[in-house]
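What follows is a short report on a single structure.
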Amino acid sequence: MPFVLRVAVPVPLLQVFDYLPPRDAPPASLRPGTRLSVPFGHGRRVGILLDVGSDSPLPLDRLKPALAVLDPEPLLTGEMLDTLRWTAHYYQHPLGEVLQTALPVGLRSARLAPPGGERAWALATPATDATHASAPAKNASAAAPRAGSRAAQMLGLLARGPMNAAQLEAALPGWRSAAANLRRRGLIRTILQPATEMLRGRIAGPALTPSQQQSVDAIAGWSGAFTPILLEGITGSGKTEVYLAAIEHAIAQGRQALVLVPEIGLTPQTLRWFRERLPGTIAVLHSALADGERTRAWLSAARGQASVVLGTRSAIFTPLPRAGLIVVDEEHDASYKQQDGLRYNARDLAVVRAKALGVPVILGSATPSLETLANVEAGRYRRLHLGARPGAARVPELRVADLRGRPAPDGLAIESIAALRAGLARGEQGLIFRNRRGYAPVLMCRNCGWHAACARCDKPLTWHRGAARLRCHHCGAEQRVPPQCPQCGNVDLAPQGLGTERLEQALAKLFPGFPVVRIDRETTRRKDALDDLLTSIAPDRPGLFVGTQMLAKGHDLPNLTTVIIVGVDEGLFSVDFRASERLAQLVVQVSGRAGRALKPGTVWLQTHQPDHPLLRSLMRTGYAVAARTLLAERREAVLPPYAHMALLRAEAPAPAAVDALLQHAFELAGNPPGVTLLGPMPAPMPRRAGRSRGQLLLSADERSHLHAFLPDWLAKIRASAPARRVRWSLDVDPLDLY
Ligand code: ADP
Ligand code: ZN
Ligand code: ZN
């Protein structure tokens, strides 16, 4: 009987492809989840074997043999493979592309998976080997490094034997540049050694507070069964300690834990914390890693070697053969949603996986998403609560700085300036939050009203004064600042509104002699820059931080007592139905940076709308109550989480092509039961990077209605002529409707 291999190939097509086995492959090597190199079109691709059958819709003599089996052991099996199939269906995305997304980049090509073990650094020539040591290795460049330099220290360490990255990190911070240098000079090399369980001096954590202990006990009691848990703990209440204790419990039972953190949450401080506190190997997965490191981390989890996987969004696709617990920190964070390609939400997939694996999943936040709160309300999720900060730390007081009818020339209210001044005088730190980078969002001619705009997006260009550039924050276009108005010749071009750069300048002028550190995408390009900037003011020194929402998380700043929030009003009047939720989360998260240690904190909300119900509710009763009010409004308006949405987006240079596709899609839909179509309509941003953009929104009160409708409809759209002339995509559970 012939074998037919059904293979998922990473191409934007829904079907699975049939192949014959490679000529020399023993049948036992053909197991689902194994990567295969297959011929495809004129080239070859890496596909994943889904299953082995005995026939094909195609005549067998037309099937091509696969070229090679790439893995001795399948990479995606059991629960992981099932979850990925589910993901493909749920997000209506081709399975081949979903499986490829799940693999680390290093395994997407036909390279073999590196063997188990870990990378270590060793002397190129063992110190005792005289013949090699004296060989003229790349002549002068192999001269011994300067005594006392990092390179010399590293050679000294390695003379005692090979060391892995974690050991080097501990012994010689900043070792990587020394390693690169020594390797270039042929003095050291990297080797693979059996993974060493590092014998670290583990640091004991603080004694848990009673509510932390209760939470830990409850979670331990639920181990071994699917239990979704909201850990709702105010900012600074010590949710991390609860995670650590729960993870330790899982490890003690021989299980693995997967911990997801937001993009910005995986700081060196977090990492150090996990390494110091947990036993066992920790596999770290985030986008800044080199491909090889990512692959090794992924494999060490997939092979059951790592006890803990700590990573950002895409770490949700790590196989866990010994799963015991999943944790999603800051579960409300928008970075869990992938905004292109496979538009998955890692927070939601964490719950799906926990269910399939039969393990608890902890969703932690001080400001839970309305989706999660609705699940608690419906009794689907359990809720644990941490209502206070440990020790003497208190949640900061929230106050309003009323801007109505009062001058604020630098964008700062009189109260804000006074509060910052008083704090600095006491030797404390302040934080000024403004969610717009650059000097000013608009550069305008005072004479004729002309303003600089992006020709490809129809939006104002942001003036970056330091760089002397005008930049489009939507498409990245850049130009120099015109010396005079291109319309009337006037040289008096003036900034309108303010960004972080302008605030930084104003603060430096207002508070001479104090450091002002700006933190936004501009100043944090370099790896580790965020951490360096946050630690650039010593904890016991006064100073100011100004920046965007990058400041909402990260390093603990114990001496930070004053927070000023600038530009609140923009969030109060957005058309996006999630704007209020986002604003409430942001205000609470940014506020939560203050008063983390012994000194109390104060937060000033600058607004022209001091009586706005959302702000009043946040100040009087806090996030928990405000969020429940927002939730009631969503229910009333039949919006998510009380409705289930999918968004068909289309863009093309020609507006007519976009309209044609969306209109055609609308007609193809007919009158689907339980699904409402809204549109076609222009996207909230109708033009970006020279392309017209439109959308069609689908909404259903029952998810099953939506998913009953989508597959056939999309198949018809895919096959249609207008679909070939535009770029289009479907977003299931969209977070942003732009
Ligand atoms: P959250 O993530 O809930 O905002 P963290 O986990 O960052 O809060 O903890 C806030 C601070 O409180 C940290 O500095 C942490 O070390 C400290 N902390 C947490 N639990 C305790 C405890 N039981 N006793 C003393 N300090 C604690
Ligand atoms: Zn002009
Ligand atoms: Zn633009």
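Okay, here's what the table says:
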| item | result |
| --- | --- |
| Helices (runs of 4 or more DSSP H) fully within region 225-308 counting 1 or more residues that are closer than 30 Å to ARG593 by Cα | 239-252, 268-277 |
| Hits in region 438-490 (condition: more than 16 Å from ligand 3 (Cβ to nearest atom), surrounded by 19 or more Cβ atoms within 10 Å (Cβ to Cβ), part of a loop (DSSP other than H, G, I, E, B) and among the hydrophobic types (A, V, I, L, M, F, W, C)) | CYS485 |
| All positions within region 16-42 that are surrounded by fewer than 13 Cβ atoms within 10 Å (Cβ to Cβ) and modelled with pLDDT of 90 or more | GLY41, HIS42 |
| Cβ-Cβ under 9 Å pairs, at least 6 apart or on other chains, region 432-452 side near ligand 2 (Cβ under 8 Å from one of its atoms), far side in a strand (DSSP E or B) | CYS445/HIS451; CYS445/LEU493; CYS445/ALA494; ARG446/LEU493; ARG446/ALA494; TRP450/MET444; TRP450/LEU493 |
| Lone qualifier among ALA408, ALA393, ALA356 - being at pLDDT 95 or above and either more than 16 Å from ligand 2 (Cβ to nearest atom) or closer than 26 Å to PRO558 by Cβ (or both) | ALA356 |
| Only listed residue being under 22 Å from LEU431 (Cα atoms) and free of Cβ contacts under 8 Å to residues at least 40 places away in the same chain, chosen from LEU583, LEU605, LEU618, LEU598 | LEU583 |
| Residues of region 468-488 that turn out to be more than 16 Å from ligand 2 (Cβ to nearest atom) and over 29 Å from ARG693 (Cα atoms), as a count | 1 |
| Residues of region 517-533 satisfying the condition of being free of Cβ contacts under 8 Å to residues at least 12 places away in the same chain and either in a strand (DSSP E or B) or exposed (fewer than 12 other Cβ atoms within 10 Å of the Cβ) (or both) | ARG525, ARG526 |
| Lone unmet requirement of (1) loosely packed, with under 15 Cβ neighbours inside 10 Å; (2) modelled with pLDDT under 95 for LEU498 | (1) |
| Helices (runs of 4 or more DSSP H) within region 545-649 that include 3 or more residues on the phi < 0 side of the Ramachandran plot and buried (at least 23 other Cβ atoms within 10 Å of the Cβ) | 579-591, 613-637 |
| The lone exception for LEU507 - which of (1) of a type outside the set (Phe, Trp, Tyr); (2) within 16 Å of ligand 2 (Cβ to nearest atom); (3) crowded, with 20+ Cβ neighbours inside 10 Å; (4) over 28 Å from the mean Cα position of the chain (by Cα) it fails | (2) |
| Identity of the residue in region 215-224, of a type outside the set (S, T, N, Q) and either modelled with pLDDT of 95 or more or part of a helix (DSSP H, G or I) (or both), that ends up nearest to ligand 3 (Cβ to nearest atom) | ILE219 |
| Residue within region 317-328 that is buried (at least 18 other Cβ atoms within 10 Å of the Cβ) and over 30 Å from GLY106 (Cβ atoms) present | no |
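One line per residue, one yes/no per condition, for (1) in contact (Cβ under 8 Å) with a residue 12 or more places away in the chain; (2) in contact with a Phe, Trp or Tyr (Cβ under 8 Å, 6 or more places away or on another chain); (3) among the basic types (Lys, Arg); (4) under 24 Å from VAL352 (Cα atoms):
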position	(1), (2), (3), (4)
VAL7	yes, yes, no, no
ASP18	yes, no, no, no
ARG23	yes, no, yes, no
ALA28	no, no, no, no
GLY33	yes, no, no, yes
LEU60	yes, no, no, no
PRO65	yes, yes, no, no
LEU76	yes, no, no, yes
LEU112	yes, no, no, no
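The values are calculated or read from the model by the stated rules, or taken from the named source; none is laboratory data. No experiment lies behind these values; they were computed from the predicted model shown. Here Cβ is always computed from backbone atoms with ideal geometry, including for glycine, and neighbour counts include all displayed protein chains.
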